[in-house]
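What follows is a single structure, written as structure tokens, with notes after it.
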């Protein structure tokens, strides 16, 4: 099978990936979720004309000439409005958020008055009609659309939904991503290693990328290089209802790379296998029904780069998130050699130099070296057959953070 260009692989992977069904969740569980439909106001806010300041509700005609003495006939507080009606020469003490009493058409702030005993005030500043009043429906009215479908629910959106009297919200189901690490040599972190064993690290980074894109993650642990065991673990993932099954390792062509064969046993149709990219050439993608299978390379850096490029946008599209890559123009902080037939994603230190985004490639790019990836702010994208580039040349960078 010929090497597939990255853009073609991404197009095939995202083809037909429609947002999942909706579910209803309590408001306090909806942070970060995506609205499945537009959010409509169930009430009007404010539900009445309300005071925006502490002061006195008065008739504007009574304060046209100052100083003037007014009789204080009651108090309007938040949750306990004054039920009477103002007459000429009267005022109602009013607190922020309280309803405007009938007959009043403006508010004198407290600082522009002084008390004359317990039941009267002197007003010494004139005030225009409607001053310091929040009119009914100032924020929104019942039946008004407040948020569009596909809105990610952040702090302000959640508070708005609560204010509109929504206790539950219809949101898009978060995709379930099942992750299976493969290899006889792997042990979980914290293990006592034998002479030929290593720690399984890829799953944690892949899970973090999937979760940040909006997924629920099911870690199915490590399976050895055994066909039956691999088949059983893949079956476990599909029985759990995984929308995306990610295998780590076993996707190449070695004697112990079994994933390709086992997926075929289970009726998975491969859309592609082997990508014209570095790191990450041995990447597989296939489908069975609505379940998608991604076979990641075993090299740690390759699996994480492939997760940024392919898994992240797939999860985002299934969950109705925006999944565009953050790709920005920059200049090179060091010279780079000519490239070959594969698209390179080169780990780089990202700085701002004289106001310009600058990407300096690390000298060693071995796909096993996680420390360099952890130190990288982005990946320089080198197109196939790109010519040698000098320091200061323009480049494009896939930002990682």
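Restricted to the range 245-266, and to residues that are surrounded by 18 or more Cβ atoms within 10 Å (Cβ to Cβ) and assigned to a loop (DSSP other than H, G, I, E, B), which residue is modelled with the highest pLDDT?
Among residues in the range 245-266 that are surrounded by 18 or more Cβ atoms within 10 Å (Cβ to Cβ) and assigned to a loop (DSSP other than H, G, I, E, B), the one modelled with the highest pLDDT is 249.
Name the residue that is surrounded by the fewest Cβ atoms within 10 Å (Cβ to Cβ), counting only residues in the range 221-241 that are part of a loop (DSSP other than H, G, I, E, B) and at pLDDT 95 or above.
241
Here are 368, 376, 307: which of them is buried (at least 20 other Cβ atoms within 10 Å of the Cβ) and in contact with a helix residue (DSSP H, G or I) (Cβ under 7 Å, 6 or more places away or on another chain)?
Exactly one residue qualifies, and that residue is 307.
Quick one: which of 70, 153 is under 30 Å from residue 21 (Cβ atoms), buried (at least 17 other Cβ atoms within 10 Å of the Cβ) and at pLDDT 95 or above? First the steps, then the outcome.
Values: 70 fails: under 30 Å from residue 21 (Cβ atoms).
The conditions single out 153.
Return the residue satisfying two criteria in turn: it lies in the range 175-220 and is assigned to a strand (DSSP E or B) and without any contact (Cβ under 8 Å) to a residue 24 or more places away in the chain, and of such residues it is farthest from residue 23 (Cα to Cα).
Here the residue is 198.
Given 281, 290, which one is in the same structural domain as residue 181 (by TED's automatic domain parsing) and more than 15 Å from residue 238 (Cα to Cα)?
Working: 290 fails: more than 15 Å from residue 238 (Cα to Cα).
Exactly one residue qualifies, and that residue is 281.
List, please: which pairs have Cβ atoms under 9 Å, are six or more places apart or on different chains, and start with a residue in the range 25-39 that is in the same structural domain as residue 168 (by TED's automatic domain parsing) and end with one that is in a loop (DSSP other than H, G, I, E, B) and surrounded by fewer than 13 Cβ atoms within 10 Å (Cβ to Cβ)?
Short answer, once both residue conditions are applied: 26/167; 27/167; 31/154; 32/154; 35/148; 36/21; 38/148; 39/148.
Looking only at the range 97-120, filter to residues that are assigned to a strand (DSSP E or B) and closer than 19 Å to residue 84 by Cα; which one of those is farthest from the chain's Cα centre (by Cα)? Let's see the steps before the verdict.
Initial filter on the range 97-120 (assigned to a strand (DSSP E or B)): 99, 102, 106-109, 113-115, 120.
Those left that are additionally closer than 19 Å to residue 84 by Cα: 99, 102, 106-108, 120.
Numbers: 99: 39, 102: 47, 106: 44, 107: 43, 108: 45, 120: 55 Å.
Among those residues, the one meeting the criterion is 120.
Quick check, is residue 87 under 46 Å from the mean Cα position of the chain (by Cα) and either surrounded by fewer than 16 Cβ atoms within 10 Å (Cβ to Cβ) or over 24 Å from residue 48 (Cα atoms) (or both)? Quick ask: steps written out before the conclusion?
Numbers: under 46 Å from the mean Cα position of the chain (by Cα): no; either surrounded by fewer than 16 Cβ atoms within 10 Å (Cβ to Cβ) or over 24 Å from residue 48 (Cα atoms) (or both): yes.
When the stated conditions are applied, residue 87 does not pass them.
Could you list, in sequence order, all residues of the range 156-172 that are buried (at least 19 other Cβ atoms within 10 Å of the Cβ) and assigned to a loop (DSSP other than H, G, I, E, B)?
164, 166
For the range 357-376, does any single residue satisfy the condition of being in contact with a strand residue (DSSP E or B) (Cβ under 7 Å, 6 or more places away or on another chain), at pLDDT below 95 and either within 25 Å of residue 4 (Cβ to Cβ) or not assigned by TED's automatic domain parsing to the domain that holds residue 153 (or both)?
Yes; the residues of the range 357-376 include at least one that is in contact with a strand residue (DSSP E or B) (Cβ under 7 Å, 6 or more places away or on another chain), at pLDDT below 95 and either within 25 Å of residue 4 (Cβ to Cβ) or not assigned by TED's automatic domain parsing to the domain that holds residue 153 (or both).
Is it fair to say residue 129 is outside the structural domain of residue 71 (by TED's automatic domain parsing), farther than 17 Å from residue 34 by Cβ, in contact with a strand residue (DSSP E or B) (Cβ under 7 Å, 6 or more places away or on another chain) and modelled with pLDDT of 95 or more?
In short, no.
Of these, 337, 384, 361, which one is out of contact with any helix residue (DSSP H, G or I) (no Cβ under 7 Å at 6 or more places or on another chain) and surrounded by fewer than 12 Cβ atoms within 10 Å (Cβ to Cβ)?
337
The values are calculated or read from the model by the stated rules, or taken from the named source; none is laboratory data. These numbers were taken from a predicted model, which means no experiment stands behind them. Virtual Cβ from ideal backbone geometry, glycine too; neighbours counted across all protein chains shown.
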